[in-house]
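The values are calculated or read from the model by the stated rules, or taken from the named source; none is laboratory data. None of the values given here were measured: they were computed from a predicted structure. Every residue, glycine among them, receives a Cβ derived from its backbone with ideal geometry; neighbour counts consider all protein chains shown.
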Amino acid sequence: MEPTVIQVEDATVRFNIASQRIDNIKEYFVKFFKGELHFKEFLALKNINLEIKKGESWGIVGSNGAGKSTLLRLICGVIAPNSGDVKVNGSISPILELGAGFDPDLTAVENIYLQGALLGHSRAFMQEHFAEIVEFSELAEFLNMPIKNYSTGMQARMAFSVATVVKPEILIVDEVLAVGDAAFQRKCATRIQEMLKDNTTLLLVSHSSAQIELLCEKAIWLRKGEVVMAGSSKEVCAAYADYYK
C-alpha cells in the first residue's frame, strides 16, 4: 500500500470580513483605536477531512467561493488552519495563481531563475534546464519582455513550464490550465499524464469536469466550505453536474 502524502484532519479556516467600507489606512487606524472596527466571520472551510496516497490524482470541484483554492493554500502551507491539522509528506510544486512568485518588472528570463529559486532549485540547475523550460513554454521570442506585459495565457505557459521542469513529488494546480489555448492545454495534460505514470501525486482545481475526469482518478466536491461528496472523479463530476442542472 502506498504511503499517505497529504492528510487533512478536521481542518477549519476562518476569515474576518470587514462589515463596513474603509477607504484608507488613516480611517482604518482611527476606527481601530476607537474600537469601531467590526468584522463578520466567514468560514472558508469547515471540518475538512482528506487523505491522499502517493501517486493518486485528485480533482476538486465546486462553484466560486466553495473553498477550492483555500484548500490548496492550506495544503501548500500558505495559510494555517484555525483548527484541525494538515500534514504533507513530500515536496510540493505548486501553481496556485497566475503571477504568483513572478516579479512583474523583471523579464521572463529573470523570472525563470526566480521561480526556480522559490521551488528550491539552484541557479546551476536552472541553467541546465533553461532551454527545456523555454522550449516547452514556446515563448522564446518573448524572453526579454517584462512579465507584466505577458498575457494571462503566456504567464500560465511560463508558470507550468518551470513548475514541471522536473517530476515533482506532489503537483498542485489551481485553474491555471484554463487560461491557456487548447493546444497548450493538451500539451500540459500530456505532461501531467506522464508524471502520473511516474507516481507523481496530483491535486487539481478546475471548473472543467472533462479535465478532471481526464487527469484525475478521484475527486472531492466542495460547497460553501464543506465536503459534499468524495469518490471516483466520474461519479463526483456527474453528481456535481446534476446538482446545477
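If the condition is being closer than 18 Å to residue 201 by Cβ and touching a Gly at 6+ places or on another chain (Cβ under 6 Å), then region 38-88 contributes only 68. Exactly one residue out of 40, 68, 34, 54 is of a type outside the set (Ser, Thr, Tyr), more than 21 Å from residue 244 (Cβ to Cβ) and at pLDDT 90 or above: that is 54. A single member of 161, 151 is surrounded by 14 or more Cβ atoms within 10 Å (Cβ to Cβ) and hydroxyl-bearing (Ser, Thr, Tyr), and it is 161.
Residues of region 121-174 that are of a type in the set (D, E, K, R) and either in contact (Cβ under 8 Å) with a residue 12 or more places away in the chain or in contact with a Lys or Arg (Cβ under 9 Å, 6 or more places away or on another chain) (or both): 132, 138, 148, 157, 167, 169, 174. Within region 74-115, the residues that satisfy the criterion of being under 17 Å from the mean Cα position of the chain (by Cα) and farther than 24 Å from residue 3 by Cα are 79, 96, 97, 98, 99, 100, 101, 102, 115. Listed by first and then second residue, the pairs with beta-carbon distance under 6 Å, at least 6 apart or on different chains, first residue in region 109-120 and under 14 Å from residue 95 (Cα atoms), second of a type in the set (S, T, N, Q) and part of a loop (DSSP other than H, G, I, E, B), form an empty list.
For residue 187, the requirement of being basic (Lys, Arg) and closer than 25 Å to residue 7 by Cβ is not met.
Region 178-245 holds helices (runs of 4 or more DSSP H) entirely within its bounds, and those carrying 3 or more residues that are under 28 Å from residue 42 (Cα atoms) map to 233-243. Residue 86 meets all of the listed conditions (1) closer than 29 Å to residue 239 by Cβ; (2) surrounded by 20 or more Cβ atoms within 10 Å (Cβ to Cβ) but one, namely (2). Among the residues of region 179-214, the ones that are of a type in the set (A, V, I, L, M, F, W, C) and closer than 19 Å to residue 71 by Cα come to 5 in all.
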